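The values are calculated or read from the model by the stated rules, or taken from the named source; none is laboratory data. Everything numeric in this text was worked out from a predicted model, so none of it was measured. Because the Cβ atoms are built from the backbone with ideal geometry, glycine has one as well, and the counts that use them run over all protein chains shown.
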Number of protein chains: 2
Amino acid sequence: MDRNELISLFNDNFPFWDHLTERDKETFISSSQHISFEKGTNIHNGNYCTGIILIRTGSLRLYILSDEGKEITLYRLFPGEMCMLSASCVLNNITFDVFVDSEENSDCVVVGGCAYAALAEKCNEAKIFALETALTRFSDVMWVMQQILFMSMDKRLAIFLSDEISKNKSDTINLTHEQIAKYMGSAREVVTRMLKYFSSEGIVELSRGGIKVIDKKRLRALTI
Amino acid sequence: MDRNELISLFNDNFPFWDHLTERDKETFISSSQHISFEKGTNIHNGNYCTGIILIRTGSLRLYILSDEGKEITLYRLFPGEMCMLSASCVLNNITFDVFVDSEENSDCVVVGGCAYAALAEKCNEAKIFALETALTRFSDVMWVMQQILFMSMDKRLAIFLSDEISKNKSDTINLTHEQIAKYMGSAREVVTRMLKYFSSEGIVELSRGGIKVIDKKRLRALTI
């Protein structure tokens, strides 16, 4: 990735880029790294400041983890989006540990947290942008929380499968029950039981490592 | 409450107060209302912009609500604190519905959301303050979420009771099982069962409408 590509990426993604002095732009550029993460890599584990992760290709998954190793997926990030919660230097108000994994091979640019924090002290627009980006995710997390706490499992699974097929533009979902359980913050047994129920109802067809939705109308009906 | 008291309250609670022009201060003052809420009043219900609620005496409880009426308490606010999530005009990024009740007779000052939002457009410090105040609560909410999702009920109840006795500076907790269940986002039956277990273990003594902690050491041990 050359310098011009990097500058164009920053210009597209940071609305305050034009407000920066040439010197600040240089600091910003020199504190940034272009990194390719292999599928399944743990990128951030809650204990230190990894920086702001800008996604060019691939996808990242943010989750929280219990002492016993139970995961709850908070949300996923896609190309053009950025992970702000991994920049604890920038966001002093965030005191919880969040984990970030690459779900696919992901091409990213990581902006150093300390450099950004120093910039945010001088440039209100940079500070506001960081806070707003983080706060927007608050709503996503509340949505997940409400799904988990309030919704019955059939409804939750139906929403998950519907989202998957519209996202993938395919009726087949190539995820194991274990993976689905992880994404939903549930147990594999619960997902398997519910999928068997959906299958017995003729809503899905199950095969090794895959789920095919055969009655979209009834699946959608369950999501309401 | 007279004008000088109001100005002194704003000066103490809004770090940007001194940055405002006299005219902006006037707008701020005239958009504010001094309101006393009776115990148990629903102050905000997620659908409109109530404004920023500054608490002088009493306490407020923030919670989310399922379609079936199940509540999850997110956090409580005490004198000197303020509720920012009730000001949807100020925080466009917050898209979830939050409910606010007064838990005691509460004396509050409510700052109009639109007036604050207009000010935040002109004054970066006011914008940053609103975002930071809201974002700090993100961590509180994540804490609740982890408690509910990851922790076993005995630990959660022990933490709740410990917090109550240190907050009230008394070994007696005057809450019904129903109220405790509401605060914990659990069911009354679950709370009653666990309290009976604690009682049989000699940790608490149960009486009508009250719980007395008689073995603090063992209660604390359960919280770890």
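The helices (runs of 4 or more DSSP H) found wholly in the stretch B:120-197 and carrying at least 1 residues that are within 23 Å of B:Ile224 (Cβ to Cβ), at the interface with another protein chain (Cβ under 10 Å from one of its Cβ atoms) and within 19 Å of the chain's Cα centre (by Cα) occupy B:124-150. Which of the following residues is modelled with pLDDT under 90, of a type outside the set (A, V, I, L, M, F, W, C), crowded, with 19+ Cβ neighbours inside 10 Å and farther than 22 Å from A:Phe160 by Cα: A:Ser106, A:Ser88? The unique qualifying residue is A:Ser88. Taking the criterion of being hydroxyl-bearing (Ser, Thr, Tyr) and either in a strand (DSSP E or B) or touching a residue at least 40 places away in the same chain (Cβ under 8 Å) (or both), the residues of the stretch B:199-224 that qualify are B:Ser207, B:Thr223.
Within the stretch A:71-105, the set of residues being outside any loop (DSSP other than H, G, I, E, B) and more than 11 Å from chain B (Cβ to nearest Cβ) comprises A:Thr73, A:Tyr75, A:Arg76, A:Leu77, A:Met82, A:Cys83, A:Phe99, A:Val100, A:Asp101, A:Ser102. Within the stretch B:48-70, being of a type outside the set (Val, Ile, Thr), part of a strand (DSSP E or B) and farther than 18 Å from B:Cys89 by Cβ holds for B:Arg56, B:Leu60, B:Arg61, B:Tyr63, B:Leu65. The residues of the stretch B:1-41 that are assigned to a helix (DSSP H, G or I), surrounded by 14 or more Cβ atoms within 10 Å (Cβ to Cβ) and not acidic (Asp, Glu), listed by number, are B:Leu6, B:Ile7, B:Leu9, B:Phe10, B:Asn13, B:Trp17, B:Lys25, B:Thr27, B:Phe28, B:Ile29. Selection over the stretch A:58-70 of residues that are facing chain B (nearest Cβ under 10 Å) and crowded, with 19+ Cβ neighbours inside 10 Å gives a count of 1. Among the conditions (1) of a type in the set (Phe, Trp, Tyr); (2) within 12 Å of chain B (Cβ to nearest Cβ); (3) under 20 Å from the mean Cα position of the chain (by Cα), A:Phe16 misses just one, which is (3).
Would you check if A:Gly209 is exposed (fewer than 15 other Cβ atoms within 10 Å of the Cβ), of a type outside the set (Lys, Arg) and over 30 Å from A:Pro15 (Cα atoms)? Yes.
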